[in-house]
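Please read the structure below before turning to the comments.
The values are calculated or read from the model by the stated rules, or taken from the named source; none is laboratory data. Model, not experiment: these values are computed from the prediction. Don't worry about glycine lacking a Cβ; one is built from the backbone with ideal geometry, like all the others, and counts go over all protein chains shown. Areas reflect the complete protein model, heavy atoms only, side chains present, ligands, DNA and RNA absent. Shrake-Rupley method; radii C 1.70, N 1.55, O 1.52, S 1.80 Å.
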Amino acid sequence: DYSSRRLLTVPDESGSLYLHRVISGSNVALGSVKLVCEANIDALAVEDINGMAPLAIAAKHTSTDVMMYVWRQTFEHGKFGNLDKKFRAYLSILLERANQEEGLTNSLEFVDALFQLLLAYPGALKR
């Protein structure tokens, strides 16, 4: 339906898509994020007027399971943008969350996320 599609794809006055707004809430349910991502996967690549992509917003506002879901979707669908500019920001997102949550660095999910980042930007290994 047109109005539902418009809700998902047209930014509001702050340049935010519906996905940005959903993940800005601190108690967002993973199921809600999955539904919104499935309905508009391209939203993962859209930055708001502050230059914040959904992954960066999720890292600041959501639980680790929601953030890691957004991470996986971003990288599996190639919605990460220019990694020449964003590699350090994405690496910081992972490392900051690992510092906040004990045991995350030992999880398969963390290792997989780091591996996805390095696969997407192999130039990082040459530095």
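Remarks
- Residue match in the range 68-75 (condition: more than 18 Å from Phe110 (Cβ to Cβ) and open to solvent by 50 Å² or more (accessible area, probe 1.4 Å)): no
- Restricting the range 43-65 to residues that are under 22 Å from Thr9 (Cβ atoms), surrounded by fewer than 22 Cβ atoms within 10 Å (Cβ to Cβ) and of a type in the set (Val, Ile, Thr), the residue that is modelled with the highest pLDDT is Val46.
- None of Glu38, Glu13 is among the acidic types (Asp, Glu), open to solvent by 20 Å² or more (accessible area, probe 1.4 Å), without any contact (Cβ under 8 Å) to a residue 12 or more places away in the chain and outside any helix (DSSP H, G or I) except Glu13.
- Considering the range 26-35, and only residues there that are assigned to a loop (DSSP other than H, G, I, E, B) and touching a helix residue (DSSP H, G or I) at 6+ places or on another chain (Cβ under 7 Å), the residue that is surrounded by the most Cβ atoms within 10 Å (Cβ to Cβ) turns out to be Val28.
- Filter result (surrounded by fewer than 14 Cβ atoms within 10 Å (Cβ to Cβ) and either in contact (Cβ under 8 Å) with a residue 40 or more places away in the chain or of a type in the set (Gly, Ala, Ser) (or both)) within the range 99-108: Gly103
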